[in-house]
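The values are calculated or read from the model by the stated rules, or taken from the named source; none is laboratory data. Everything numeric in this text was worked out from a predicted model, so none of it was measured. Neighbour counts are summed over all protein chains in view; Cβ atoms, including those assigned to glycine, are modelled from backbone coordinates with ideal geometry. Keep in mind that these areas ignore ligands, DNA and RNA; they rest on the heavy atoms of the full protein, side chains included. Shrake-Rupley method; radii C 1.70, N 1.55, O 1.52, S 1.80 Å.
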Amino acid sequence: ERGVVGGSGEGALLWEQARAWAESSTGPGGRPRIEEQPVRQALARTRIDNEVSWLLAQRSAWIAATGGLPSIEGSMAKLFATQAFQRAARVFQDLAGAEGLVRAGQDGTVAGGAIDRAVRHAPVTTIYGGTSEIQRNNIALRHLGLPRSG
């Protein structure tokens with residue numbers, strides 16, 4: 001389950017919809033948002049994070065498919081993917097400004113509501129498949145050899 005969460009595609013869907021928004025909307029001064037440096041950086045960072053998430057999930061899947069148990073690998077995939085998704089949702093909402101606060105389904109929503117949905121859904125991703133705290137403890141104990149926390 002943990003390895004699959006990392007490759008769920010939520011970040012990829014957000015990236016596609018944020019890119020479409022950036023290409024079709026204009027910022028202050030009338031230039032397309034896609035030409036703004038912060039928007040381009042957010043799109044690039046999110047695309048890189050999505051690729052890393054997918055690769056980590058594929059590694060976990062490969063371990064499972066070859067008879068292994070992807071404990072640490074699944075934890076790493078899940079933790080990285082959920083943190084990256086949260087970061088991307090917040091960054092795109094910030095870049096959208098006040099419009100980024102409009103709820104999905106209302107007039108004036110950004111990216112067809114994708115950014116609002118991502119911001120509201122991202123915290124939940126840190127819970128299913130094992131909380132982020134459990135993933136960190138798993139990595140600390142089994143991979144880094146650190147002692148169990150209090």
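What to note about this one:
- Any hit, the stretch 29-40, residues being crowded, with 16+ Cβ neighbours inside 10 Å, of a type in the set (Val, Ile, Thr) and within 24 Å of Ile115 (Cβ to Cβ): yes
- Scoring Arg103 on the criteria (1) out of contact with any Ser or Thr (no Cβ under 8 Å at 6 or more places or on another chain); (2) in contact (Cβ under 8 Å) with a residue 12 or more places away in the chain leaves a single failure, condition (1).
- Pairs are defined by a Cβ separation below 6 Å, a sequence spacing of at least 6 or placement on different chains, a first member in the stretch 114-141 that is without any contact (Cβ under 8 Å) to a residue 24 or more places away in the chain and within 21 Å of Gly74 (Cβ to Cβ), and a second member that is outside any helix (DSSP H, G or I) and open to solvent by less than 40 Å² (accessible area, probe 1.4 Å); no pair meets this definition.
- Hits in the stretch 41-61 (condition: open to solvent by 30 Å² or more (accessible area, probe 1.4 Å) and of a type in the set (D, E, K, R)): Arg45, Arg47, Glu51, Arg59
- Hits in the stretch 95-110 (condition: over 21 Å from Ser53 (Cβ atoms) and open to solvent by 30 Å² or more (accessible area, probe 1.4 Å)): Gly97, Ala98, Glu99, Leu101, Val102, Arg103, Ala104, Gly105, Gln106, Asp107, Gly108, Thr109
- Matching residues in the stretch 124-140 - criterion: being under 12 Å from the mean Cα position of the chain (by Cα) and open to solvent by 60 Å² or more (accessible area, probe 1.4 Å): Val124
- Number of the condition not met by Thr125 [criteria: (1) hydroxyl-bearing (Ser, Thr, Tyr); (2) farther than 19 Å from Trp54 by Cβ; (3) in contact with a Phe, Trp or Tyr (Cβ under 9 Å, 6 or more places away or on another chain)]: (2)
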